[in-house]
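The values are calculated or read from the model by the stated rules, or taken from the named source; none is laboratory data. A quick note: this is a predicted structure, and the numbers were derived from the prediction, not measured. Don't worry about glycine lacking a Cβ; one is built from the backbone with ideal geometry, like all the others, and counts go over all protein chains shown. With ligands, DNA and RNA removed, areas are computed over all heavy atoms of the protein, side chains included. Shrake-Rupley method; radii C 1.70, N 1.55, O 1.52, S 1.80 Å.
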Amino acid sequence: LALAYGGATGHLAIIARSRGLPALVAVGGGLLDLDNGRTVLLDADNGRLLADPDSAQIEAARSLLRKREANRVARLASAAQPAHTLDGVEIEVAGNIADREEAEIALHNGADGIGLLRSEFLFMERDQRPSAAEQQTAYQAILDTMAGRPTTIRTIDIGADKPVSYLTLAKEDNPALGVRGIRLSLADDALFDDQFGALLSLTPLTKLRLMVPMVAEVSEVVRVKARIDQLAEQLGLKERPQFGVMIEVPSAALMAEQIAQYVDFFSVGTNDLTQYTLAMDRCNPDMAARLDQLHPAVLRLLAMTVEGARKHGKWVGVCGGAAGDRQAIPLLLGLGVSELSVAPPMVAEVKELVRSLDREHCAAAMAGILQLESAAAVRAEVLRRWPQCGRHGNGEE
Ligand code: PEP
Ligand code: MG
């Protein structure tokens, strides 16, 4: 898939990644001048689209693909085993999914659970909201597929680049800063009760992790918790799911210590956290090359998040794109993240990389890395310290 426009963490790119489809974004308008029927070679690793490759180039690409496929199959053999670092720390590697079919792909690739179900996909491409019963059936099917593994269901993140005509009616000048995510759920009682009621009716609730997106203020968390308590009482619940919030707005990272009192866990959404920290739209092709989740500003917010959580004995995962970025993984482990949730086809590869890292060494490197001045400097330092984090596992970029 090659797109003239778009961004690497935009939703089209997310869907491509979850299906294991090589994709290029922001190639530029020149892409549209290519005639139908031309042969092209898409090299997503190096961000290149080559028109009219010669036979040697095609053969080289085919041979690389054969090698990759052999590696992928070999990795699957140990994919279902837990991933421990060299110094014995278990890291949960989970899948980011949109539906039950993707839960199966995640399982096939060895996922320890689901770290992010983007439930908004159930609301899209239709003209009326799904009923509570329809939602319950869809979520239960995913929980059943995961057969006792922890399953994180995020309540709807509609708005911004995921508008839904029957829910987001008012036109907003800056939709990414408007009524999206938990703001939309809290603004519509029926919408909230249908989704949270469906989630609280699932079994077994002990395997469900209920998570809310786009939290910016402590008061939102307090309101959500109070409503969950009310619904749980109405339903006469004896068990409760774990409750977590996404950290994807800088204010939430800065207030992590305060928010941590009210939750069981955090999951960092580095796609939005990077967009809002750098003030660069994740869907804007002119920003695509600069929007790097390894920017030290983003890493510093991540460090604050883990620190805030730790003060209250809570755990932190990452479900944004950084969790599947080979060069980010030693940094996330070094900061104290204990769960990585990635596109299903990447689970086995991430487990393999985790097994090659020593968490203590990663942690010891962080003080220096947080002092660096740019994402490029961070990437260079990662490759110097951990050559296995190169795209081809050998330090090469
Ligand atoms: C994120 O923002 O990093 C995230 C995981 O949520 P989404 O990509 O669905 O906005
Ligand atoms: Mg997000």
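For the reader, a short list of remarks on this structure follows.
- Surface accessible to a 1.4 Å probe, per residue, for the residues of the chain, Å²: 45
- For the chain, the relative contact order comes to 18 percent (Cα pairs under 8 Å, sequence separation of at least 6).
- All other residues whose Cβ lies under 9 angstrom from that of residue 96 are scored, Lys and Arg at +1 and Asp and Glu at -1, for a net of +1.
- Size of charge dipole - the chain - debye, nearest 20, with Cβ of Lys, Arg +1 and Asp, Glu -1, no other charges: 680
- Most positive-pole-ward Cα, 313, 131, 55, against dipole of the chain from beta carbon charges: 313
- Cross-link partners of residue 171 among lysines (Cα-Cα below 23 Å; sequence separation of 8 or more within a chain): 162
- Dipole-positive endmost among 9, 293, 24 within the chain (Cβ charges, Cα centre): 293
- Charge dipole (Cα centre; +1 on Lys/Arg Cβ, -1 on Asp/Glu Cβ; no other charges) of segment 1-148 amounts to roughly 240 debye.
- Near residue 151: Cβ cut-off under 10 Å, other residues only, Lys/Arg at +1 and Asp/Glu at -1. The net charge is +2.
- Size of charge dipole - segment 202-307 - debye, nearest 20, with Cβ of Lys, Arg +1 and Asp, Glu -1, no other charges: 300
- A cut-off under 12 angstrom between Cβ atoms defines the neighbours of residue 64, and their net charge, with Lys, Arg +1 and Asp, Glu -1, is +1.
- Given 225/311; 67/351; 207/311; 67/207, the pairs whose alpha carbons are separated by over 30 Å: 67/207
- What a 1.4 Å probe finds exposed on the chain is 51% carbon and sulfur by accessible area, rounded to a whole percent.
- Nearest 10 degrees, 0 to 90: helix 218-234 Cα axis against the chain principal axis: 60
- For segment 63-159, the set of trypsin sites (Lys or Arg not before Pro) satisfying both a DSSP loop assignment and a count of at most 12 other C-beta atoms within 10 Å is given as 126.
- Cα-based shape type of segment 159-266, given that a ≥ b ≥ c are square roots of the gyration tensor eigenvalues and the cut on a/c is 1.5: oblate
- Between 254, 276, 266, the Cα set farthest toward the positive side of the dipole of segment 220-278 (charges on each charged residue's Cβ, about the Cα centre) is that of 266.
- Shape of segment 282-397, Cα gyration tensor, a/c cut at 1.5: rounded
- Length gained on full extension, residue 223 to residue 165, computed as 0.36 nm times the residue gap minus the Cα-Cα distance: 18.3 nm.
- Applying the criteria of a DSSP loop state and at most 14 other Cβ atoms within 10 Å to the trypsin sites (Lys or Arg not before Pro) of segment 268-359 yields 290.
- Cα gyration tensor, segment 10-66 - rounded (a/c under 1.5), prolate or oblate: oblate
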